[in-house]
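The values are calculated or read from the model by the stated rules, or taken from the named source; none is laboratory data. Being a predicted model, the structure only gives us computed values, none of them experimental. Please note: Cβ atoms are built from the backbone with ideal geometry, for glycine as well, and neighbour counts cover all protein chains shown. Heavy atoms of the whole protein, side chains included, go into the accessibility calculation; ligands, DNA and RNA do not. Shrake-Rupley method; radii C 1.70, N 1.55, O 1.52, S 1.80 Å.
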Amino acid sequence: QVQLVESGGGLVQGGGSLRLSCAASGSILSISTMGWYRQAPGKQRELVAFITRSGRTTYTDSVEGRFSISRDNAKHTWYLQMNSLKVEDTAVYYCNAGLYSDSEVGYLEVWGQGTLVTVST
């Protein structure tokens, strides 16, 4: 079984920075895509950023130029560097992976438990 564990959330003032980490563990053969989603109170979960195994990145418009996603394939870990944070970035952030496991057949989509990011004025 594969598990994702996020870390790095917390409270930060507007304009500040935070770095989220997501570590995958378990019976992993390969991880194709690594991503970050967020869900603000009363809103639907939305994609923030994702990165492919080859390093191609995609960002939602509202974080373009402020957030940066990166990955360490050898460590099955990826990161979200968040700079110039705004109040509207407040949300629970979830990491997500598309992967193959040697204990289950087929392509799997796995989610972390979420980490809260709160940006104050």
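Among residues of segment 50-70 being touching a residue at least 24 places away in the same chain (Cβ under 8 Å) and either open to solvent by 20 Å² or more (accessible area, probe 1.4 Å) or not in a strand (DSSP E or B) (or both), the one that is nearest to Ser30 (Cα to Cα) is Phe50. Do we have Val110 as without any contact (Cβ under 8 Å) to a residue 40 or more places away in the chain and of a type in the set (Val, Ile, Thr) here? No; evaluated as a whole, the condition is false for this residue. Across segment 71-89, the qualifying residues are those that are charged (D, E, K, R) and more than 16 Å from Val48 (Cβ to Cβ), and the one among them that is surrounded by the most Cβ atoms within 10 Å (Cβ to Cβ) is Asp72. Run Glu6 past the list (1) surrounded by 15 or more Cβ atoms within 10 Å (Cβ to Cβ); (2) among the charged types (D, E, K, R); (3) not in a strand (DSSP E or B) and report the number of the one that doesn't hold. Of everything listed in (1) surrounded by 15 or more Cβ atoms within 10 Å (Cβ to Cβ); (2) among the charged types (D, E, K, R); (3) not in a strand (DSSP E or B), Glu6 misses just condition (3). Look at segment 22-49: where a residue is within 22 Å of Ser68 (Cα to Cα) and open to solvent by 40 Å² or more (accessible area, probe 1.4 Å), no partner that is among the hydrophobic types (A, V, I, L, M, F, W, C) and assigned to a loop (DSSP other than H, G, I, E, B) sits 6+ places away or on another chain with Cβ atoms under 6 Å. Being assigned to a strand (DSSP E or B), closer than 13 Å to Gly8 by Cβ and open to solvent by less than 40 Å² (accessible area, probe 1.4 Å) is the requirement here; does Val110 meet it? So Val110 does not fit the description; no. Would you be able to say whether some residue in segment 28-38 is in contact with a helix residue (DSSP H, G or I) (Cβ under 8 Å, 6 or more places away or on another chain) and within 17 Å of Gln3 (Cβ to Cβ)? For segment 28-38, residues in contact with a helix residue (DSSP H, G or I) (Cβ under 8 Å, 6 or more places away or on another chain) and within 17 Å of Gln3 (Cβ to Cβ): present. Taking Ser101 as the residue in question, decide whether it is of a type in the set (Gly, Ala, Ser), open to solvent by 20 Å² or more (accessible area, probe 1.4 Å) and either more than 24 Å from Ser17 (Cβ to Cβ) or at pLDDT 95 or above (or both). For Ser101, the condition - of a type in the set (Gly, Ala, Ser), open to solvent by 20 Å² or more (accessible area, probe 1.4 Å) and either more than 24 Å from Ser17 (Cβ to Cβ) or at pLDDT 95 or above (or both) - is not met.
In segment 11-21, the residue that is farthest from the chain's Cα centre (by Cα) out of those that are surrounded by 12 or more Cβ atoms within 10 Å (Cβ to Cβ) and not polar (S, T, N, Q) is Gly14.
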